[in-house]
Amino acid sequence: MRTPESPLRQAGLREHHLGLVVRQVAAAGRPPSRAEIAATTGLTRATVSALVDELIGGRLLTEVDPVPRVGAGRPATGLALAAHGPAGLGLEINVDYLAACVVDLTGAVRHRAVHRADQRPETPETVLTRLAELAGTVLTAPEVAELPIAGAALAVPGLVTSEGVVRLAPNLGWQDVAVPAALAAAGTPLADLPLTVDNEANLAALGELHARNGELTTFVYVSGEIGIGAGIVVDGQLFRGARGWSGELGHLAVRPDGPTCRCGARGCLEQYAGQEAILRSAGLADQGLTAAEALRQLAGRAYDGQPQVRRALAAAAGALGVVLAGVVNLLDVQTVLLGGIYAPLAPWLSPVVEAEIGRRVLTAGWSPVTVQPSVLGPEAAATGAAGAVVRAVRDHPAPWLSLGAR
């Protein structure tokens, strides 16, 4: 006799199988056939066919040209993720810019927009309203307008709770800002979308993890902006810490008696290797330039070998290397990824950081640490945020299919 729990177990099994099929298609080097999915997963062909039909109907999979076949017989139709299926909206609030982008189910960025302005003089409500306006321009872009948006994820440079409350973002001057509630109260285009809020370095690190297709599964991602954060990935999983607040690299001390930081402590890394500290040391602060213009000049002068700029970058890299050496000694990671403004500056930062780590890390003689630029560059946080939305759909497609059936 069937027990009352049986239907629930059966529903859970279906949800598992749906996710399994989508993940098989996503991970395949070429479009697999139904028969190949059945052989790989151990599911029957009839079960796979039924699941695939449901996933095609829900705009998660699509049929493509037949798979090349070895031997006799008619080639089978291949399966691929549906580029016209559910997409993710990625958002980022940083100190001197706002960003929004849409990533489709295949991982392709369909549209991106950036609004550059200092957010520190503004209230959280004003910043969130402007962010929603930017999101609206992205959502109505021709490349995006026909895509169903599964949800949004917002990257913020600060301590974020699981409920989306920004407990503290020192460089923005935010404290205890309930972001989802504020957006809903404003009646913005984001009010109707499921929204998650996370630390920007965490989302950038996840973006890097998936952009590298499993080639790198343990690393520290360093987000260099006006503030400095870190996303720590161990064995393919983001390390969040007991309360989800790990990775505040910018507030590790370089010198305990150094200059006062916005967080209230002294000698924090941000005061030596943050964007404003580098520009000030390079002689590019207070010249009436926007941050983007100043950074372009910084890179240009570094390429030209301008001594003051080269010294500024070397000093920042030295401080960064001292702190990262402590992180490597503690966590035993072999790779450091430089993101944010550090990515385009990596040719000058990486050698100094590697040398400092080599001098200070106990195991460096047997296992050298590699320092390399982020593949996503300054767009990593917004792209990673949007990617987190579509990966959630790919890993657990049943909720999306249920929404479509209503």
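Quick note: the coordinates plus some simple rules give every number you see, no bench work behind them. Since this is a predicted model, take the numbers as computed values, not measurements. In this analysis, Cβ positions are derived from the backbone assuming ideal geometry, glycine residues included, and neighbour counts consider all displayed protein chains.
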Review point. What is the gain in length, in nm to one decimal, between Asp332 and Ala186 on full extension, counting 0.36 nm per residue of separation less the C-alpha to C-alpha distance?
Key: 48.0 nm
Review point. Of the beta bridges DSSP finds with both residues in segment 213-374, what % are antiparallel, to the nearest 5?
Key: 55 percent
Check your understanding: Quick one: if you take sqrt(5λ) for each eigenvalue of the C-alpha gyration tensor of the chain, what semi-axes come out, biggest first, whole angstrom?
Key -> 41, 25, 20
**Study point:** Protection proxy ranking, peptides 371-379, 267-275, average beta carbon neighbours within 10 Å, highest first
**Key:** 267-275, 371-379
Review point. Can you pull the semi-axes for segment 165-285, root of five times each eigenvalue of the Cα gyration tensor, sorted largest first, whole Å?
Key: 27, 22, 14
Review point. How many percent of Cα pairs in segment 76-157 exceed 23 Å?
Key: 28 percent
Study note, to complete from the structure: Per the 1/(1 + (r/R0)^6) rule, R0 = 30 Å and r from the Cβ atoms of Ala76 and Glu143, FRET efficiency to 0.05 is 0.40
Practice item. Enter the per residue convex hull volume of segment 218-261, computed from alpha-carbon coordinates, in Å³ rounded to the nearest integer. Key: 91 Å³
Exercise for review: Quick one, can you get me the convex hull of the C-alpha atoms of segment 145-199 expressed as volume per residue in Å³?
Suggested key: 88 Å³
Point to revise | Viscosity 1.002 mPa s, temperature 20 °C, Stokes-Einstein D of segment 213-374 from Kirkwood C-alpha radius, µm²/s | key: 133 µm²/s
Practice item. Compute the long axis of helix 6-27 from its Cα atoms, compare it with the longest principal axis of the Cα atoms of the chain, and write down the angle in degrees, 0 to 90, nearest 10. Key: 60 degrees
Check your understanding: Stretched out fully, how many nm does the piece from Val375 to Glu15 gain, at 0.36 nm a residue minus the Cα gap?
Key -> 126.3 nm
Check your understanding: When Rg is the radius of gyration of the Cα atoms in segment 234-302 and Rh is its Kirkwood radius, what does Rg/Rh come to?
Key -> 1.11
Revision key, fill the gap. For 311-322, 351-362, ranked highest to lowest by mean beta-carbon neighbours within 10 Å, the order is 311-322, 351-362
Review point. Taking the Cβ of Phe219 as the center, what net charge do the other residues with Cβ under 15 Å away carry, scoring Lys and Arg +1 and Asp and Glu -1?
Key: -4
Review point. In percent, what relative contact order does the chain have, based on Cα pairs under 8 Å that are 6 or more apart in sequence?
Key: 16 percent
Practice item. Please compute P(r) over all alpha-carbon pairs of segment 297-370, binned at 10 Å starting from zero, and give each bin as a whole-number percent. Key: 21, 48, 24, 7
Study note, to complete from the structure: Per-residue ellipticity at 222 nm attributable to helices in the chain (runs of n ≥ 4 DSSP H, -39500 (n - 2.57) apiece, nearest 500 deg cm²/dmol) works out to -13000 deg cm²/dmol
Revision key, fill the gap. Here, Arg130 and Trp366, labelled 7 Å along Cα→Cβ, have an inter-label distance in nm of 5.2 nm
**Study point:** Formal net charge of residues neighbouring Pro397 (Cβ-Cβ distance under 12 Å; K, R +1; D, E -1)
**Key:** +2
